[in-house]
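These notes concern the structure reproduced below.
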Amino acid sequence: MSKIEFSVQVRLVSDLTASKAFYEKVLGCEVNDFWAVRDEFALGFKLLQANKPEDVKPNTIGKDQPVAWDTYAYVDTHSDLNQLYEELKARGARFLQEPILTEADWGAWKEFTIADPDNYSIGFGSGKKE
């Protein structure tokens with residue numbers, strides 16, 4: 001079977017210029033005409049200008065979800081997650097969910113969620129305390 005190297009999510013956006021600025025300045029992606037990527041495509045998007053505003057459709061909240069997610073990215077440890085939170089906060093991210101820690105019988109999960117200019121949400125989480 002062939003190996004897939006990476007994937008990107010396609011986002012229809014209402015203002016391509018504003019979205020490119022967000023993904024570069026706030027999320028820390030490398031942005032060009034085709035991609036917005038971070039960490040060697042560990043997080044990747046293809047941003048496309050929508051034909052009309054109603055074409056932009058972020059996900060709604062699913063059953064038993066604290067917030068809606070359009071993207072969910074994993075970070076290695078809680079310490080790395082805390083560092084990412086502080087980085088995004090300093091860059092002006094709009095948080096839909098501040099960091100929360102959930103204890104379970106298998107361990108602890110920590111996560112937070114930010115929103116882009118079109119309210120697409122990007123969740124970040126980690127299951128390793130250190």
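Just one of the numbered conditions (1) in contact (Cβ under 8 Å) with a residue 40 or more places away in the chain; (2) part of a strand (DSSP E or B); (3) open to solvent by 60 Å² or more (accessible area, probe 1.4 Å) is not true of residue 130; which one?
Unmet for residue 130, out of (1) in contact (Cβ under 8 Å) with a residue 40 or more places away in the chain; (2) part of a strand (DSSP E or B); (3) open to solvent by 60 Å² or more (accessible area, probe 1.4 Å): (2).
Find the residue count for the range 75-94, including only residues that are of a type in the set (A, V, I, L, M, F, W, C), in contact (Cβ under 8 Å) with a residue 12 or more places away in the chain and out of contact with any Lys or Arg (no Cβ under 8 Å at 6 or more places or on another chain).
4
Considering only residues that are under 15 Å from residue 74 (Cβ atoms), touching a residue at least 24 places away in the same chain (Cβ under 8 Å) and touching a Ser or Thr at 6+ places or on another chain (Cβ under 8 Å), which ones fall in the range 95-113?
Within the range 95-113, 108, 110, 111, 113 qualify.
Of the conditions (1) modelled with pLDDT of 95 or more; (2) open to solvent by less than 50 Å² (accessible area, probe 1.4 Å), residue 74 satisfies every one except a single condition; which number is it?
Result: residue 74 passes all but (2).
If we keep just the residues of the range 80-113 that are hydroxyl-bearing (Ser, Thr, Tyr) and modelled with pLDDT of 95 or more, which is farthest from residue 124 (Cα to Cα)?
The qualifying residue farthest from residue 124 (Cα to Cα) is 85.
I need every pair where a residue in the range 45-67 that is open to solvent by 50 Å² or more (accessible area, probe 1.4 Å) has its Cβ under 9 Å from the Cβ of a residue that is at pLDDT below 95 and of a type in the set (Phe, Trp, Tyr), sequence separation at least 6 or different chains.
46/34; 46/35
How many of the residues making up the range 84-107 are open to solvent by 70 Å² or more (accessible area, probe 1.4 Å), within 18 Å of residue 23 (Cα to Cα) and out of contact with any strand residue (DSSP E or B) (no Cβ under 6 Å at 6 or more places or on another chain)?
4
The values are calculated or read from the model by the stated rules, or taken from the named source; none is laboratory data. Bear in mind the structure is a predicted one, so any value in this text is a computation, not a measurement. Cβ atoms come from the backbone with ideal geometry, glycine included; neighbour counts cover every protein chain shown. Protein only, heavy atoms only, side chains kept; ligands, DNA and RNA dropped before computing areas. Shrake-Rupley method; radii C 1.70, N 1.55, O 1.52, S 1.80 Å.
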